[in-house]
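Asks: There's a structure below that I have some questions on.
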Amino acid sequence: MADVIDALKRLHRLGSKDSAQTAKLKEAACILAGDIARTLEFTRDDLPRGYLLRPGYPVLMERRWADGEIYNVFDTRRAALRFAEDIANGWLDELADWLEQRTGESDGAAATLRRAAEALKPE
């Protein structure tokens, strides 16, 4: 019986520790996702690697998984771990490169539209 009690005590201790660590992981994912979302507040296009921004509170920064499911990056331990892995593997640099490309496309398109508008003005 002592073995069962010891096992239950160990399970309780490790379960509490795991729960606390998971909460810290999800909180960190929420903080970083919120910062990214505020930086990209006017971006509603899908982001690189299947990430999506959705307006609202709490901040919804979701990721589309290979199986088609969509999870908020801090809803589950699995989603927060994947977000952390993507961050560690250069997703922020990939995101910055994507934004640079978008900015260039927007600048070019705006210039084209301005020229067209000028051409339509009566002389």
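Taken together, the values in this text are just the output of simple stated rules run on the coordinates, not laboratory data. All of these numbers come straight from a predicted model, not from anything done at the bench. Here the Cβ is made from the backbone with ideal geometry for all residues, glycine too, and neighbour counts use every protein chain on show.
Asks: Using the Cα centre of the chain as origin and beta-carbon charges of +1 (Lys, Arg) and -1 (Asp, Glu), tell me which of Leu47, Ala116, Gly15 is placed farthest towards the positive end of the dipole.
Replies: Gly15
Asks: Note down the magnitude of the dipole of the chain about its Cα centre, charges +1 on Lys and Arg C-beta and -1 on Asp and Glu C-beta and zero elsewhere, to the nearest 20 debye.
Replies: 540
Asks: Taking 0.36 nm per intervening residue step and subtracting the Cα-Cα distance, what contour gain separates Leu40 from Ala7 on full extension?
Replies: Details: separation 33, 0.36 × 33 = 11.88 nm, distance 4.84 nm.
Residue separation times 0.36 nm, minus the Cα-Cα distance, leaves 7.0 nm.
Asks: Still on this structure, I have one more. Along the charge dipole of the chain, which of Ala96, Ala2, Ala79 sits closest to the positive end, that is, farthest toward it, with unit charges on the beta carbon of Lys, Arg, Asp and Glu (+1, +1, -1, -1)?
Replies: Of the options given, the answer is Ala2.
Asks: At a Cα cut-off below 22 Å, give the lysines reachable from Lys26, other chains included and same-chain residues fewer than 8 away excluded.
Replies: Cα-Cα hits under 22 Å: Lys17.
Asks: Nearest 0.05, what FRET efficiency do Thr103 and Asp18 give at R0 = 41 Å with Cβ-Cβ as r?
Replies: Numbers: r = 43 Å, r/R0 = 1.04.
The pair Thr103/Asp18 has a calculated efficiency of 0.45.
Asks: Could I ask something else about it? Along Cα→Cβ, 7 Å out, is where each label goes; now give me the distance between the ones at Ala96 and Ala111 in nm to one decimal.
Replies: 2.4
Asks: Right, something else. Per the helix-only calculation at 222 nm, which mean residue ellipticity applies to the chain, given -39500 (n - 2.57) for every DSSP H run of n ≥ 4 and division by its residues, nearest 500 deg cm²/dmol?
Replies: Per the formula, -23000 deg cm²/dmol.
Asks: Continuing with the same structure: When only Cα pairs under 8 Å and 6 or more residues apart are kept, what is the percent relative contact order across region 2-120?
Replies: Values: 83 pairs, mean separation 22.5, N = 119.
Averaging sequence separation for qualifying contacts and normalising by length gives 19 percent for region 2-120.
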